[in-house]
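A short write-up of the structure that comes next.
The values are calculated or read from the model by the stated rules, or taken from the named source; none is laboratory data. In this text, all values refer to a predicted model and were calculated from it rather than measured experimentally. Cβ placement follows ideal geometry from the backbone for every residue including glycine, while neighbour counts extend to all protein chains displayed. For the accessible areas, the whole protein counts, side chains as well, though only heavy atoms, and no ligand, DNA or RNA atoms are used. Shrake-Rupley method; radii C 1.70, N 1.55, O 1.52, S 1.80 Å.
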Amino acid sequence: MAVAWEAVMALRRRGRERAFGFPLELPLGEGLLTVTRGGGWRVEPEPPAEVLQLLALYLSLALVPHRHSFVLAHLAQSLDGRIATSGGESQWLTGEADIRHTHRLRALADAVIVGAGTVRQDNPRLTVRHCSGDQPVRVVLDANLALPEDRDLFRDGAAQTLVLAAADRVGGATRLGNAEIVALPREGERLAPAAIRAALARRGLYWLFVEGGGVTVSRFLAGRALDRLQIALAPVILGSGRPSFQLPEIPALSGALRPRVRHVPLGDDILVDCVLS
Ligand SMILES: NC(=O)c1ccc[n+]([C@@H]2O[C@H](COP(=O)([O-])OP(=O)(O)OC[C@H]3O[C@@H](n4cnc5c(N)ncnc54)[C@H](OP(=O)(O)O)[C@@H]3O)[C@@H](O)[C@H]2O)c1
């Protein structure tokens, strides 16, 4: 499995540095991985089933074209659509396989984005630890610049960290601990997802992983700023708690989003992988 993940990472690094030339060929253990234009791929001789499953889950994410803006959001939720208890406890709703998957998404991304609520509640590090890979830039959405400087990711120096805040709140501030403050125009109470994408692209950050929480993912979804949405469904019913999604009401079923989906088993959980673009 480690060999297959290394191949995924090698492709991703190649894509970060320059446009892909097809067909792409890469050694994979004793075999050869060939990727054709359009994303078709094969490994010869055929490897074990778990290697094929890993490649099926990650190859398309590693093959995002050079300097192409791409945003994937992931949420771990209960069967009844909750990402945390009412008190904010969410670690861990899903099992080890989904946690490893989250770290792999971080490793694939140029930047990992979270909302202020998650930083306040979880004090996350947002680093790659459960797989090999490069550390993404960490991006916190805190329009009002209200988070305290004592959060670990503002102090640990483990990866470059940006705080995106509304220009009218930033004043002359340039840093929050080790993090750089980036001023963006306010759209009402919020920062527009499209403006967030554009500001990060100007810094060379194109492949964005929105890791939560529900409010942040909902705003990207409502702003039609997601290319992929992955929901890891845990076999758990919370009955109450913080919701995955809060979206504008739709008057009729015909107005529902109906993405193309595939289902991937992740240990005891099921990953619902939705293609939105
Ligand atoms: N199960 C999972 O996958 C998962 C993942 C991550 C977190 N969590 C849990 O989820 C909870 C936190 O999630 P949450 O939904 O309450 O909050 P959240 O999404 O982490 O943070 C929401 C806040 O972030 C800021 N924000 C987000 N998008 C913004 C935008 N476009 N423009 C400006 N500001 C923006 C706003 O802060 P202000 O209102 O302060 O301006 C907003 O209230 C925690 O309990 C955490 O443990 C679960």
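For the chain, the relative contact order comes to 22 percent (Cα pairs under 8 Å, sequence separation of at least 6).
Sequence-distant contacts, meaning Cα pairs under 8 Å at least 6 residues apart, place the relative contact order of region 1-112 at 24 percent. Accessible area ranking (1.4 Å probe, heavy atoms, ligands and nucleic acids excluded), largest first, for GLU211, GLU50, GLU187: GLU187, GLU50, GLU211. Distant-in-sequence amide contacts of LEU145, defined by a placed amide H-H separation under 5 Å and a gap of 5 or more residues or a different chain, comprise ALA166. The residues packed around ASP142, meaning those with a beta-carbon under 11 Å from its beta-carbon, carry a net charge of +3 if Lys and Arg are +1 and Asp and Glu are -1.
Per-residue 3J(HN,Hα) values for region 77-91, derived from phi via the Karplus relation 6.51 cos²θ - 1.76 cosθ + 1.60 with θ = phi - 60°, read 9, 7, 4, 9, x, 10, 9, 6, 5, 4, x, x, 6, 10, 9 Hz in sequence order (x marks Gly and Pro).
3J(HN,Hα) along region 230-241: 10, 10, 8, 8, 8, x, 9, 10, 8, x, 7, x Hz, from the Karplus curve 6.51 cos²θ - 1.76 cosθ + 1.60 with θ = phi - 60°, whole Hz, x for Gly and Pro.
Ligands, DNA and RNA left out, the accessible area of region 167-238 computed with a 1.4 Å probe is 51% carbon and sulfur. Near VAL71, the amide H atoms lying under 5 Å from its own belong to LEU208, ASP227, ARG228; only residues 5 or more places off or on other chains count, and H is placed 1.01 Å from N. Compared with the alpha-carbon gap, the fully stretched path from ARG169 to GLU249 is longer by 25.8 nm at 0.36 nm per residue. With everything on Cα atoms, drop me the angle between helix 96-108 and the longest principal axis of the chain, reported from 0 to 90° to the nearest 10. Taking Cα atoms only, the helix is inclined about 90 degrees. A Förster radius of 35 Å combined with the Cβ-Cβ distance from ASP156 to THR85 puts the calculated FRET efficiency at roughly 0.85. When you restrict to C-alpha pairs under 8 Å that are six or more residues apart and normalise by the size of region 96-143, the relative contact order lands at 49 percent. With R₀ set to 25 Å, the beta-carbon distance separating ALA194 from SER240 gives a calculated FRET efficiency near 0.15. Computed from label points 7 Å out along Cα-Cβ, the spacing between ARG67 and ARG224 is 2.6 nm.
Surface analysis of the chain yields an accessible area of 48 Å² per residue, using protein heavy atoms and a 1.4 Å probe. Three principal axis extents of region 76-146 based on alpha-carbon atoms, in descending order, are 34, 33, 16 Å.
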